[in-house]
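The values are calculated or read from the model by the stated rules, or taken from the named source; none is laboratory data. Predicted model only: the values in this text are computed from it and were never measured. Reconstructed Cβ throughout: ideal geometry from the backbone, glycine too, with neighbour counts over all protein chains shown.
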């Protein structure tokens, strides 16, 4: 529904969002939403570009490998495809969910145009995109964080096969399908709407009935906060390892190699060259927390006030700032990984032919350069 003559000059918002419809948004609200949309567009372009680049380079790599294998007459000399690191699978998934988050925010264009929210299929679609994208970003970030921690802290060497990464990604999508689908099936009916107008955009409703007051937290924000806490709990020990505060050494116990950890609050001067990796681990954690913290604070305050029927509302400026930070997640992740993981994204394009030796094949198979970012005593596989 496009309203050509809808030009309100002041906000006409009602605390009961059931009464909010077109022509309720004044210039300040429409301006704030415009900034959110602009940031979402930038993030969408950034994430889509990086995803396209990743798919292009790896498709090109596969075509080169396939052509090289066809030229090898001796089947015993043929090699399996050098799959990229599991980390690249998780990163691509994260960028995909970042794109979905941006797309959900871009839907605000309709509410800017109508100067208010008109519930319907378009509104429900935005709510689903927001919920799916936010939870998807959280879970894919959690997978990426857990993988990085296992490789760097415990020196886990994952298989070159992508099956584990695909299994984890499949679980993420299965969870999202159940999280969204079951909630929609059981709670989105004619008498009650799970997804609808939440004052400035469409999401999980909180004011229609007391039943949905905490659904937004249970179905979405809890997973974002769990991921933020796990980032802190996993990245900080990894950073301390590179600062030399936590020391790791291998000892042989009954013929088996065991890892022994010790704590040195003064740090180990022998690992000064590895401190940049420690700061990088901290940065990964900070970026995610920064993107979700403002909107989380605004949302939880709104939910608590609605639940207690307090005549209070979070200022739109606070909500808009939170939405801008959340929409910037795709852009920040793109800039972060492009600048810190060039070895992961910009793979070697050496073509494997009949004359390639086993050593040359292994060199081409690596999509990361562990020696660039890991200490010399960390002979970690290319899983990181």
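Do we find that residue 57 is modelled with pLDDT under 95 and in contact with a strand residue (DSSP E or B) (Cβ under 6 Å, 6 or more places away or on another chain) in this structure?
no
Residue 161 passes all but one of (1) in contact with a helix residue (DSSP H, G or I) (Cβ under 9 Å, 6 or more places away or on another chain); (2) more than 30 Å from residue 204 (Cα to Cα); which number fails?
Only one criterion in (1) in contact with a helix residue (DSSP H, G or I) (Cβ under 9 Å, 6 or more places away or on another chain); (2) more than 30 Å from residue 204 (Cα to Cα) is unmet by residue 161, namely (1).
List the residue pairs whose Cβ atoms are under 9 Å apart, where the first residue sits in the stretch 266-282 and is at negative phi and outside any helix (DSSP H, G or I), the second is modelled with pLDDT of 60 or more and surrounded by fewer than 17 Cβ atoms within 10 Å (Cβ to Cβ), and the two are 6 or more positions apart or on different chains.
Between residues of the stretch 266-282 that are at negative phi and outside any helix (DSSP H, G or I) and residues that are modelled with pLDDT of 60 or more and surrounded by fewer than 17 Cβ atoms within 10 Å (Cβ to Cβ), the close pairs are 268/247.
Output the number of residues of the stretch 241-269 satisfying the condition of being surrounded by 12 or more Cβ atoms within 10 Å (Cβ to Cβ), farther than 18 Å from residue 156 by Cβ and either touching a helix residue (DSSP H, G or I) at 6+ places or on another chain (Cβ under 7 Å) or at pLDDT below 70 (or both).
Result for the stretch 241-269: 4.
Which residues, taken from the stretch 174-190, are in contact (Cβ under 8 Å) with a residue 24 or more places away in the chain and surrounded by fewer than 15 Cβ atoms within 10 Å (Cβ to Cβ)?
Of everything in the stretch 174-190, just one residue is in contact (Cβ under 8 Å) with a residue 24 or more places away in the chain and surrounded by fewer than 15 Cβ atoms within 10 Å (Cβ to Cβ), namely 175.
For residue 229, state whether it is surrounded by fewer than 16 Cβ atoms within 10 Å (Cβ to Cβ), within 20 Å of the chain's Cα centre (by Cα) and either modelled with pLDDT of 70 or more or assigned to a loop (DSSP other than H, G, I, E, B) (or both).
Yes, satisfied.
Take the residues of the stretch 111-131 that are touching a strand residue (DSSP E or B) at 6+ places or on another chain (Cβ under 6 Å) and not in a helix (DSSP H, G or I): which is nearest to residue 327 (Cα to Cα)?
Ranking the candidates gives 117 first.
Go through the stretch 148-163 and give me each residue that's surrounded by 14 or more Cβ atoms within 10 Å (Cβ to Cβ) and either at pLDDT 90 or above or assigned to a helix (DSSP H, G or I) (or both).
148, 149, 150, 151, 152, 153, 162
Considering every residue within the stretch 56-78, establish whether at least one is within 23 Å of residue 173 (Cβ to Cβ), in contact with a helix residue (DSSP H, G or I) (Cβ under 6 Å, 6 or more places away or on another chain) and part of a helix (DSSP H, G or I).
no
Quick one: how many residues across the stretch 291-321 are modelled with pLDDT of 85 or more and assigned to a helix (DSSP H, G or I)?
Of the residues in the stretch 291-321, 14 are modelled with pLDDT of 85 or more and assigned to a helix (DSSP H, G or I).
Say whether the condition of being in contact with a strand residue (DSSP E or B) (Cβ under 6 Å, 6 or more places away or on another chain), at pLDDT 80 or above, buried (at least 19 other Cβ atoms within 10 Å of the Cβ) and not in a helix (DSSP H, G or I) is met by at least one residue in the stretch 203-220.
Scanning the stretch 203-220, I find at least one residue that is in contact with a strand residue (DSSP E or B) (Cβ under 6 Å, 6 or more places away or on another chain), at pLDDT 80 or above, buried (at least 19 other Cβ atoms within 10 Å of the Cβ) and not in a helix (DSSP H, G or I), so the answer is yes.
State whether one or more residues within the stretch 110-119 are at pLDDT 85 or above, surrounded by fewer than 16 Cβ atoms within 10 Å (Cβ to Cβ) and in contact with a helix residue (DSSP H, G or I) (Cβ under 6 Å, 6 or more places away or on another chain).
No; the residues of the stretch 110-119 include none that is at pLDDT 85 or above, surrounded by fewer than 16 Cβ atoms within 10 Å (Cβ to Cβ) and in contact with a helix residue (DSSP H, G or I) (Cβ under 6 Å, 6 or more places away or on another chain).
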